[in-house]
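Right, one structure below, let's go through it.
Read-outs: derived from the displayed coordinates by stated rules, not from any lab. All of these numbers come straight from a predicted model, not from anything done at the bench. Neighbour counts run over all protein chains shown; Cβ positions are idealised from the backbone, glycine included.
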Amino acid sequence: MGYQLSREQFDSFLARLQEEYRVFGPAVDVDGGALADTDRITYKEVRCLGDLELNRKSYFSPKEIFYPVRETLFRFCQGDTTEPQIDGKKTAIFLRPCDINGIDRLDAIFLKNGPLEDFYYKRRRDKVRFFLIECTTGFDSCFCVSMNANRTELFDVALRFGDEILADVKSPEFEPYFAGLAQKPFEVRFIEKNSKEVRLPGVADITPDLFEHELWKEYSARCIACGRCNTSCITCSCFTMQDVSLGAENQMGERRRIWAGCHVNGFADIAGGHGYRQQKGDRMRFKTMHKIYDYYLRFGKHQCVGCGRCDDVCPQYISFAGCINKVSDVAAER
Ligand code: SF4
Ligand code: SF4
């Protein structure tokens with residue numbers, strides 16, 4: 001059902017929504033940027049329309065709302081073990097189609113990648129609802145159309161923001177919030193062309209010799225292993241485990257899981273001190289092939305959704321979109 005809301009009506013809707021949901025969206029972190037006197041756009045709790053930043057792209061993705069950077073899995077004391085409870089409130093997130101598709105890719109890793117679902121991911125993810133922000137222009141670094149991630153049906157409510165706000169309410173869960181508002185047919189539109197395009201290699205064209213190709217050496221020279229591209233990515237899911245002892249003789253403590261990234265030193269270290277992928281170019285290859293090759297073989301879609309954040313945040317101006325094009329060129333010329 002479609003509805004039309006004034007800006008004041010939208011703020012009233014948000015106020016009522018917050019009684020049952022924690023509401024997150026892209027918002028400005030004033031002076032939170034990496035350089036002096038610069039802002040950072042990130043995902044934060046929003047209370048009114050004015051809190052939403054709809055014209056600038058977020059530096060971080062929304063994944064940390066339901067997949068925390070650091071999470072305690074359980075605590076132990078003597079022989080007892082307890083699992084921390086989580087906030088019982090549901091979560092509503094304002095986000096764009098690329099990020100909904102990105103969360104679909106995370107769901108596959110945590111919930112469909114074997115016989116068992118990840119309990120800790122699922123209990124938070126089950127509480128999440130999607131409020132789609134209509135996106136028809138994108139930003140300079142986006143290439144969602146190339147990755148076939150510009151469209152989605154996985155939303156509860158779709159919204160077009162303007163002088164007035166149009167809403168397509170798909171989930172019955174949210175119909176009561178719109179009762180009594182003016183009805184107006186509304187069908188969300190999706191971007192059809194980004195300013196940036198990438199050429200994906202055919203999956204069959206990715207052969208073992210490509211893994212040894214010279215092209216990866218450039219990244220050994222340029223990448224500084226900061227991991228920004230991993231932490232800003234909506235689809236990077238890797239974590240490491242940490243056991244923390246809080247008392248004498250390890251009788252008390254907790255086990256945590258913490259985001260990890262394939263570009264960072266130590267990620268591929270193993271017992272005995274050996275580390276796979278010592279060269280940063282090897283790490284770039286590992287990430288690239290996961291995003292556009294082996295994930296596809298397993299799940300039938302590419303993991304990368306073309307949000308372009310990795311290109312936005314890299315301090316070395318390494319372009320992942322450019323890397324995909326280079327792989328395509330090499331694959332095509334053989
Ligand atoms: S690899 Fe880059 S463009 Fe692709 S989903 Fe991750 S951050 Fe976005
Ligand atoms: S953001 Fe750039 S420099 Fe940092 S790890 Fe990623 S590719 Fe390397």
**Asked** When the stretch 190-221 is examined, which residues are found to be within 16 Å of ligand 1 (Cβ to nearest atom) and charged (D, E, K, R)?
**Response** Lys196, Glu197, Arg199
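Residue by residue, here is whether (1) touching a Phe, Trp or Tyr at 6+ places or on another chain (Cβ under 8 Å); (2) under 23 Å from Arg125 (Cβ atoms); (3) within 16 Å of ligand 1 (Cβ to nearest atom) holds:
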{"site": "Cys226", "(1), (2), (3)": "no, no, yes"}
{"site": "Cys238", "(1), (2), (3)": "yes, yes, yes"}
{"site": "Trp259", "(1), (2), (3)": "yes, yes, yes"}
{"site": "His302", "(1), (2), (3)": "yes, yes, yes"}
{"site": "Gly308", "(1), (2), (3)": "yes, no, yes"}
{"site": "Pro315", "(1), (2), (3)": "no, no, yes"}
{"site": "Ser319", "(1), (2), (3)": "no, no, yes"}
{"site": "Cys323", "(1), (2), (3)": "yes, no, yes"}
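Among the strands (runs of 3 or more DSSP E) lying completely within the stretch 38-102, list those that include at least 3 residues that are out of contact with any Gly (no Cβ under 6 Å at 6 or more places or on another chain) and exposed (fewer than 13 other Cβ atoms within 10 Å of the Cβ). Please lay out each step first, then the result.
Numbers: elements: 40-45, 70-77, 80-82, 90-95.
The strands (runs of 3 or more DSSP E) meeting that bar are 80-82.
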**Message:** Can you list residue pairs whose Cβ atoms sit under 8 Å apart, with the first residue in the stretch 256-284 being free of Cβ contacts under 8 Å to residues at least 60 places away in the same chain and more than 13 Å from ligand 2 (Cβ to nearest atom) and the second being assigned to a loop (DSSP other than H, G, I, E, B) and of a type in the set (Gly, Ala, Ser)? Count only pairs 6 or more apart in sequence or on different chains.
**Reply:** Gly275/Gly266; Gly275/Ala268; Tyr276/Ala268
**Message:** Checking Ser6 against (1) in contact with a strand residue (DSSP E or B) (Cβ under 7 Å, 6 or more places away or on another chain); (2) loosely packed, with under 14 Cβ neighbours inside 10 Å: exactly one of these is not met. Which one?
**Reply:** (1)
**Complete:** Residue set Asp163, Asp140; condition loosely packed, with under 12 Cβ neighbours inside 10 Å, among the charged types (D, E, K, R), in a loop (DSSP other than H, G, I, E, B) and within 16 Å of ligand 1 (Cβ to nearest atom); output residue Asp140
**Request:** Find the residue count for the stretch 102-141, including only residues that are within 16 Å of the chain's Cα centre (by Cα) and of a type in the set (Ser, Thr, Tyr).
**Result:** 2
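Among the residues of the stretch 285-313, write down those that are among the acidic types (Asp, Glu) and within 14 Å of ligand 2 (Cβ to nearest atom).
Taking the stretch 285-313 as the starting set, the residues that turn out to be among the acidic types (Asp, Glu) are 294, 311-312.
Those that are among the acidic types (Asp, Glu) and within 14 Å of ligand 2 (Cβ to nearest atom): Asp311, Asp312.
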**Request:** Give me the pairs, please: first residue somewhere in the stretch 229-248 and touching a residue at least 24 places away in the same chain (Cβ under 8 Å), second residue anywhere and among the aromatic types (Phe, Trp, Tyr) and more than 16 Å from ligand 2 (Cβ to nearest atom), beta-carbon distance under 9 Å, and either six or more positions apart or on two chains.
**Result:** Thr235/Tyr295; Ser237/Tyr67; Ser237/Phe110; Ser237/Tyr121
**Message:** Where the second residue is of a type in the set (Asp, Glu) and part of a loop (DSSP other than H, G, I, E, B) and the first is within 16 Å of Phe130 (Cα to Cα) and lies in the stretch 156-179, which pairs have Cβ atoms under 7 Å and are six or more apart or on separate chains?
**Reply:** Ala158/Glu134; Leu159/Glu134; Arg160/Glu134; Asp168/Glu187; Lys170/Asp156; Ser171/Asp156; Glu173/Asp156; Phe174/Asp156
**Message:** Can you say whether Glu173 is among the charged types (D, E, K, R), over 22 Å from Cys233 (Cβ atoms) and in a loop (DSSP other than H, G, I, E, B), as far as the supplied structure shows?
**Reply:** no
**Fill in**
Across the stretch 292-319, the tally of residues that are outside any helix (DSSP H, G or I), among the hydrophobic types (A, V, I, L, M, F, W, C) and under 16 Å from Asp205 (Cα atoms) stands at 0
**Prompt:** If Ser319 passes every condition in (1) surrounded by 14 or more Cβ atoms within 10 Å (Cβ to Cβ); (2) more than 11 Å from ligand 2 (Cβ to nearest atom); (3) of a type in the set (Gly, Ala, Ser) but one, which one does it miss?
**Reply:** (2)
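Could you please find all residues in the stretch 288-317 being under 15 Å from the mean Cα position of the chain (by Cα) and on the phi < 0 side of the Ramachandran plot? Working first, answer last.
Step one: of the stretch 288-317, the residues under 15 Å from the mean Cα position of the chain (by Cα) are 291, 302-313.
Answer for the stretch 288-317, where residues must be under 15 Å from the mean Cα position of the chain (by Cα) and on the phi < 0 side of the Ramachandran plot: Lys291, His302, Gln303, Cys304, Val305, Cys307, Arg309, Cys310, Asp311, Asp312, Val313.
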**Request:** Restrict the check to the stretch 261-273 and report whether at least one residue is within 15 Å of ligand 1 (Cβ to nearest atom), part of a strand (DSSP E or B) and either within 28 Å of Pro26 (Cα to Cα) or touching a Pro at 6+ places or on another chain (Cβ under 6 Å) (or both).
**Result:** no
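Among the residues that make up the stretch 208-217, is at least one of them part of a loop (DSSP other than H, G, I, E, B) and more than 16 Å from ligand 2 (Cβ to nearest atom)? Steps first, please.
Of all residues in the stretch 208-217, those part of a loop (DSSP other than H, G, I, E, B) come to 212-213.
Within this subset, residues satisfying the condition of being more than 16 Å from ligand 2 (Cβ to nearest atom) are 212-213.
Checked the stretch 208-217: at least one residue is part of a loop (DSSP other than H, G, I, E, B) and more than 16 Å from ligand 2 (Cβ to nearest atom).
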